[in-house]
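A.B. asks: I'd like to ask you about the structure that follows.
None of the figures in this text is laboratory data; all of them are computed from the coordinates on show. Keep in mind that what you see is a predicted model, and the values were worked out from it rather than measured. Cβ sites come from the backbone with ideal geometry, for glycine too, and all protein chains shown count toward neighbours.
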Amino acid sequence: MVHSFYGRIRNVQELGSIFNDVIMDNWDRHLNTVVTFWTSVMLSYGLHKRSPMVKYVALKNITPTHFELWLGHFRVTIADLFEPDVAVEFVIRAGRIAESFQHGMVHYEDQFKVVNASL
């Protein structure tokens with residue numbers, strides 16, 4: 001799922017440029033981190049110990065429109081890969097994560113002063 005989704009959004013100018021500018025040549029590491037994150041989210045394994053919020057708060061060029069695009073492409077990817085009952089669970093959690101990130105980017109910006117944060 002992670003590889004399909006990022007393969008999709010890397011080709012979307014509004015999203016791909018943000019990720020490519022930050023991740024640069026570290027896509028393998030980033031994808032492995034995101035696989036671990038989603039495994040933890042969906043299976044409640046607790047494998048992912050770091051907070052992704054720190055990385056995203058540092059990205060000043062992300063707007064609510066970017067989150068809407070991200071969620072739209074996420075929904076399409078998930079619908080392509082999973083049965084509807086599983087897809088709904090992914091989409092619900094992705095929506096909560098996006099909402100949390102947006103809230104954090106607005107309200108906790110001063111606590112996460114990071115320059116050139118690598119996703």
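A.B. asks: If you take the beta carbon distance between Asp21 and Val86 as r and set R0 to 25 Å, what does 1/(1 + (r/R0)^6) give as a FRET efficiency, to the nearest 0.05?
C.D. replies: According to the calculation, E is roughly 0.15.
A.B. asks: Still on this structure: Would you calculate the separation in nanometres between label points at Leu71 and Val35, each defined as 7 Å from the Cα along the Cα-to-beta-carbon direction?
C.D. replies: Here the answer is 2.8 nm between the modelled labels.
A.B. asks: R0 = 25 Å: FRET efficiency of His3 with His103, Cβ-based, nearest 0.05?
C.D. replies: Details: r = 28 Å, r/R0 = 1.12.
Using R0 = 25 Å, I get an efficiency of 0.35.
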